[in-house]
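Coordinate-derived values only; no laboratory data. All values derive from a computational prediction rather than experimental measurement. Every residue, glycine among them, receives a Cβ derived from its backbone with ideal geometry; neighbour counts consider all protein chains shown.
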């Protein structure tokens, strides 16, 4: 497949879980999830311009890219329940894919939005998109904690990855969530307690984009909390696919903080 890669083939698993990486991310971000989630066949999305698609031009329109991914997800003859998990920019992409799938009559059983502001808070900003130069991207990567500082001092590494990271940041800055019809599927929003870019209030706003059940969970860690502690138990519990920890339908978050200025983040 062009857009997705099966992390670990598991055709008899009860669920199909499609995972969407952050800005600058690749399917390798979810390489350990296949073995950790025996109840699901994990599919990881590969955006153009990186990994096996390194030679392709980067996407510039997030909604158009999401529609292409949705077309691919509609193609397989696979009637297993489908769940989508997206982190940071990947949450926004997963939301748009869910919209496209539902418009085509495909049921999405659950959407997990991790480390991201709700789509209605995104307003297209061409000026902001233009500010994503090398210095701004590097500062943001350091702030978010998703990249080792030593790597950012390696010129060869920077020249390799910054073109597609910058393209993703500019694409997200140009995205506008608008006032779309609410989703039908249940939605769970997750955020790290110490995320520097996404507040609890911005996480709670995901509840406005669905008519289905909504829950949110605040987990220990920063923007990339899932590197050290992937939310596998939350996924299994919400989907009824693993050992219960009593999290389903319960808000485990502290009171919402007042949201700060909206800025694009990965």
Notebook entry, point to check: So, in nm, how far is label residue 154 from label residue 184 when the simple model puts each one 7 Å beyond its Cα toward the Cβ?
Noted result: 4.7
Next item on the list: Could you estimate the translational diffusion coefficient of the stretch 26-164 from the Stokes-Einstein equation, with Rh from the Kirkwood formula over C-alpha pairs, at 25 °C and 0.890 mPa s, in whole µm²/s?
Entry: 145
Note to self: What FRET efficiency comes out for residue 123 versus residue 39 if R0 is 30 angstrom and r is the Cβ-Cβ distance? Round to the nearest 0.05.
What the structure shows: 0.20
Next item on the list: Please grab the % of Cα pairs in the chain that end up more than 27 Å from each other.
Entry: 32
Margin query: Just want the ordering: 67, 216, from fewest to most Cβ atoms lying within 10 Å of their own Cβ.
Written below: 67, 216
Margin query: Could you tell me the calculated FRET efficiency between residue 233 and residue 77, based on Cβ-Cβ distance and R0 = 30 angstrom, to the nearest 0.05?
Written below: 0.45
Note to self: Give me the extension gain from residue 102 to residue 68: residue separation times 0.36 nm, minus the current Cα-Cα distance, reported in nm with one decimal.
What the structure shows: 10.8 nm
Next item on the list: Considering only 205, 116, 135, give the residue with the highest GNM mean-square fluctuation for the chain, with springs between Cα atoms whenever their separation is below 10 Å.
Entry: 135
Notebook entry, point to check: In the chain, what % of DSSP beta bridges are antiparallel (nearest 5)?
Noted result: 10
Next item on the list: Can you bin the stretch 117-216 into rounded, prolate or oblate? Criterion: square roots of the alpha carbon gyration tensor eigenvalues sorted a ≥ b ≥ c, rounded for a/c under 1.5, prolate for a/b above b/c, oblate for the rest.
Entry: prolate
